[in-house]
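K.L.:
Just passing along the structure, written as structure tokens.
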Amino acid sequence: MSTNLLADKRILLGITGGIAVYKSVDLCSKLVQTGAHVQVLMTQSAQKFVTALSFGAICGQQPVTDLWQLYEGAKIGHVTLAHQADAFVIAPLTAHTLARLAQGMADDPITATTLSTRAPLLVAPAMEHNMWQHAATQANLQTLVGRGVNVVGPEQGRLASGAMGMGRMADPLTILEHLRMLLARNGPLSGLRITITAGGTREWVDPVRFMGNRSSGKMGVALARVARDQGAQVNLIYGAMTVPPPLGVTQIEAARAEDMLHAVLAILPQTDVLISAAAIADFRPVTTHASKLKKETGVGIALERTPDVLKAVAEARQHSNMPKLVVGFAAETSDLLANARRKLERKNLDMIVLNDITAADAGFAVDTNRVIIITRDGSVEKLPLLDKETVAFNILHRIRGLMGAQSIGWSPGAGSVLS
Ligand code: CTP
């Protein structure tokens with residue numbers, strides 16, 4: 001199984017006539033780069049902005065610009081295209097085509113294919129502010145939403161007219177993320193509720209200073225994104241991070257170790273799997289000063305221990321049996337395996353992911369990681385240097401295996417539901 005949700009997926013990309021078409025060239029290119037098979041369909045007005053040649057050159061397939069063209073040569077027809085598709089994206093979607101879709105018309109390749117396909121439809125409207133606000137457009141949009149169409153954007157910003165307002169097409173990367181979420185439905189982790197902690201905590205000394213750590217949050221965010229892409233319902237509890245949380249996950253901010261403890265304990269009853277990837281502070285100042293400390297008084301700040309979140313989880317778990325599986329991380333600089341095993345025991349974990357944080361290409365702030373996965377049954381799996389999403393994929397794969405082995409009412413596979 002690939003880490004890339006879009007690889008080999010058949011994506012129809014409908015292009016209607018608005019100035020935002022230039023962004024769709026980029027969207028098309030990004031889709032092709034993910035390994036998706038992209039077939040572009042264009043309206044006549046779309047071709048006034050960008051030629052079919054541009055899209056054809058990017059995706060290696062002649063765009064469909066005329067309904068009858070589909071019946072020439074290969075004779076595949078819009079029905080065949082519609083049946084083969086894994087998803088249909090229309091970006092940009094103009095007010096005009098939106099109205100035609102709401103009416104159920106079928107006299108061009110995009111509208112006819114929309115009626116014929118059972119694949120999920122994602123639309124990215126783009127138009128002038130007043131057109132977007134118009135009661136007719138809003139009513140048409142509601143009609144589509146009521147039929148299960150997924151909408152991304154539009155966004156606020158500078159419009160083609162020069163005015164500021166609502167109507168810009170969503171960014172291609174945002175459209176891609178929404179597409180990934182659509183395709184994730186019924187993935188191998190669907191039905192599973194996964195809570196992930198990510199980033200570093202900050203313990204405040206005074207209003208301007210804190211004790212923090214080097215965590216970027218990248219590993220936790222990669223886990224959240226891959227779990228979401230496999231259909232899990234994901235809660236991300238996060239501290240300071242250099243990357244944004246992914247779309248489609250429930251986001252809970254927790255700045256200090258204490259906040260993380262409360263956030264994690266509160267969500268345990270709704271958590272099947274907890275993955276603690278956050279770098280949670282072990283010490284905090286005994287006092288957080290309300291005003292900025294002066295040089296002289298700051299020297300020798302007294303520290304105290306913070307709560308150990310995973311130990312608190314282990315206690316809570318004895319009473320409630322939730323979460324069913326707990327995974328910790330071990331950031332070590334020496335005696336790696338022995339230290340990680342001790343942590344697994346001490347915190348009553350089912351799995352611990354060990355990383356040697358002295359390596360320059362693994363651990364904090366970089367996009368790659370080299371980890372060893374140790375499970376309670378004693379198995380040790382050493383992974384090579386991988387990008388963090390692939391590491392996340394491997395960790396989640398092991399979690400699926402353990403969840404299956406526990407026979408706890410969840411079995412891996414599409415559409416599985418927790419009992
Ligand atoms: N962790 C936790 N609560 C803390 C500190 C860490 O729950 N106050 C979690 C981390 O999220 C990680 C695991 O415990 O999953 C191990 O974290 P690590 O920093 O490697 O170990 P510590 O428990 O802090 O022990 P030490 O610093 O002595 O190695």
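K.L.:
Scan the range 174-189 and tell me whether some residue there is over 22 Å from the mean Cα position of the chain (by Cα) and not polar (S, T, N, Q).
P.N.:
no
K.L.:
While we're on this one: Does Thr114 fit the bill of being crowded, with 16+ Cβ neighbours inside 10 Å, of a type in the set (S, T, N, Q) and closer than 26 Å to Ala160 by Cα? Let's see the steps before the verdict.
P.N.:
On the way: crowded, with 16+ Cβ neighbours inside 10 Å: yes; of a type in the set (S, T, N, Q): yes; closer than 26 Å to Ala160 by Cα: no.
The answer is no for Thr114.
K.L.:
Can you say whether Val249 is among the hydrophobic types (A, V, I, L, M, F, W, C), closer than 30 Å to Arg118 by Cα and free of Cβ contacts under 8 Å to residues at least 60 places away in the same chain, as far as the supplied structure shows?
P.N.:
Yes.
K.L.:
Of the residues Ala330, Ala314, which is free of Cβ contacts under 8 Å to residues at least 40 places away in the same chain, within 12 Å of the ligand (Cβ to nearest atom), out of contact with any Gly (no Cβ under 9 Å at 6 or more places or on another chain) and open to solvent by 10 Å² or more (accessible area, probe 1.4 Å)?
P.N.:
Every option except Ala314 fails the conditions.
K.L.:
For residues that are part of a strand (DSSP E or B) and away from the ligand (no atom under 14 Å from the Cβ), scanning just the range 250-298, find the one that is farthest from Leu236 (Cα to Cα). Steps first, please.
P.N.:
Step one: list which residues in the range 250-298 are part of a strand (DSSP E or B), which gives 250-253, 273-276, 279, 283-285.
Checking which are away from the ligand (no atom under 14 Å from the Cβ) leaves us with 250-253, 285.
Values: Thr250: 6, Gln251: 5, Ile252: 6, Glu253: 8, Pro285: 26 Å.
Looking at residues that are part of a strand (DSSP E or B) and away from the ligand (no atom under 14 Å from the Cβ), I get Pro285.
K.L.:
Sort out which residues of the range 110-142 are assigned to a helix (DSSP H, G or I), among the β-branched types (Val, Ile, Thr) and within 25 Å of Glu177 (Cβ to Cβ), and write them in order of number. Before the answer, list the steps.
P.N.:
Start the filter on the range 110-142 by keeping residues that are assigned to a helix (DSSP H, G or I), which leaves 110-116, 129-133, 135-142.
Applying the additional criterion that residues be among the β-branched types (Val, Ile, Thr) yields 110-111, 113-114, 137.
Passing the criteria: Ile110, Thr113, Thr114, Thr137.
K.L.:
Given the criteria among the small types (Gly, Ala, Ser), touching a helix residue (DSSP H, G or I) at 6+ places or on another chain (Cβ under 8 Å), modelled with pLDDT under 95 and open to solvent by 50 Å² or more (accessible area, probe 1.4 Å), does Ser419 qualify?
P.N.:
no
K.L.:
Just to be sure before I move on: is Glu304 within 19 Å of Ala279 (Cα to Cα), among the acidic types (Asp, Glu) and within 9 Å of the ligand (Cβ to nearest atom) in the structure I sent?
P.N.:
no
The values are calculated or read from the model by the stated rules, or taken from the named source; none is laboratory data. This one's a predicted model, so the numbers in the text were calculated from it and none came from an experiment. Note: ideal-geometry Cβ built from the backbone for every residue, glycine included; neighbour counts use all protein chains shown. For the accessible areas, the whole protein counts, side chains as well, though only heavy atoms, and no ligand, DNA or RNA atoms are used. Shrake-Rupley method; radii C 1.70, N 1.55, O 1.52, S 1.80 Å.
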